[in-house]
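Below you'll find the structure, written out as structure tokens, and then a few comments.
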Amino acid sequence: GWITLRLQLFVDDIQTDLLIDATSVAPIAEAVLELEGARADELSVQFADPATCSKIHDLYFDDPSITDCMSFPLDGEDVEYRVLGDVVVCPKVAIEYCQAHGGDPHEEATLYLVHGILHLLGYNDIEEADQTAMRKAEERQMDHLRTHSLLLS
């Protein structure tokens with residue numbers, strides 16, 4: 001019979017701007033995948049400081065500006081063991097956003113994580129129609145996560 005493996009999640013928190021409980025990441029990732037009807041066996045998430053985010057952004061996107069979230073997809077759906085890829089989140093951006101606009105930095109950082117995972121699942125935000133689909137997916141996901149009290153903590 002089929003054996004269902006739990007998501008292998010690798011969390012690396014190399015920043016000190018926002019205290020994040022690494023154990024709060026897995027339930028979020030699993031909920032996002034479940035709501036999208038997507039399957040993945042492995043996912044890496046890194047919470048990085050602005051300097052590291054800037055370096056990574058420059059290295060892979062030729063843009064040294066600090067960004068909220070970056071995604072590095074690996075496997076598509078057509079593999080037996082799916083390594084979804086890597087998401088890099090910069091919590092400092094969430095803190096600064098919330099200082100300017102209000103809100104909770106943990107919830108904002110959760111949105112960045114969701115955004116990154118959605119990118120790994122094939123959503124993109126280049127064309128306007130795709131941006132609309134991404135926003136709708138983010139709203140659906142964040143409503144679901146709030147309802148189930150699944151936010152970064």
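The values are calculated or read from the model by the stated rules, or taken from the named source; none is laboratory data. The model shown is predicted, which means the values in this text are computed figures rather than measured ones. When we count neighbours, we look across all protein chains shown, and the Cβ atoms used for this are built from the backbone with ideal geometry, even at glycine. Remember, those area values only see protein heavy atoms, side chains included, never the ligands or the DNA or RNA. Shrake-Rupley method; radii C 1.70, N 1.55, O 1.52, S 1.80 Å.
Read phi for every residue in region 11-17 and hand back ³J(HN,Hα) as whole Hz from Karplus 6.51 cos²θ - 1.76 cosθ + 1.60, θ = phi - 60°, with x for Gly and Pro.
Residue by residue, region 11-17 yields 10, 10, 10, 10, 10, 10, 6 Hz.
As a test of reading the structure, rank Glu80, Glu128, Glu107 by solvent-accessible area (1.4 Å probe, protein chains only), most first. Working shown, then result.
On the way: Glu80 180, Glu128 140, Glu107 55 Å².
Ranking Glu80, Glu128, Glu107 by accessible area, largest first, yields Glu80, Glu128, Glu107.
So what is the accessible area of region 1-56 per residue, in Å², with the probe set to 1.4 Å? Display every interim value, and only then the final one.
On the way: 3200 Å² over 56 residues.
That works out to 57 Å² for each residue.
Given a 10 angstrom Cα cut-off, can you work out which residue in Ser71, Ser44, Ser24 is the most mobile in a GNM of the chain?
With Cα springs under 10 Å in the chain, the top fluctuation among Ser71, Ser44, Ser24 is at Ser24.
When the chain is treated as a GNM, springs tying every alpha-carbon pair under 10 Å, which of Asp130, Asp17, Asp75 comes out with the largest mean-square fluctuation?
Asp130
Can you list the HN-Hα couplings for region 38-48, worked out from phi with the Karplus curve (6.51, -1.76, 1.60; θ = phi - 60°), rounded to whole Hz and with x for Gly and Pro?
10, 10, 8, 9, 9, 8, 10, 10, 10, 9, 10
For the full complex of protein chains and a 1.4 angstrom probe, list Tyr97, Tyr60, Tyr123, Tyr112 by accessible area with the highest value first.
Tyr60, Tyr97, Tyr123, Tyr112
With just the Cα atoms defining each centre, how far is region 81-153 from region 20-80? Give it in Å.
10
On the full set of protein chains, 1.4 Å probe, figure out the accessible area of His119 and give it in Å² to the nearest 10.
His119 exposes around 50 Å² with every protein chain in place.
Counting every Cα pair in region 69-153, what percent are over 18 Å apart? Present the calculation step by step, with values, prior to reporting the outcome.
Details: 1786 of 3570 pairs.
The calculated P(r) of region 69-153 puts 50 percent of pairs beyond 18 Å.
Compare Ala129, Ala40, Ala22 in a GNM of the chain, Cα atoms joined below 10 Å, and give the one with the largest fluctuation.
Ala129
Take the solvent-accessible surface of the protein heavy atoms, probe 1.4 Å, and return the percent of it on region 19-153 that carbon and sulfur atoms account for.
Values: 3490 of 6900 Å².
The C+S portion of the solvent-accessible surface of region 19-153 is 51 percent.
Describe numerically, in nm with one decimal, the distance between label points set 7 Å from Cα along Cα→Cβ at His144 and at Asp63.
Each label point is offset 7 Å from its Cα along the Cβ direction, giving 2.7 nm.
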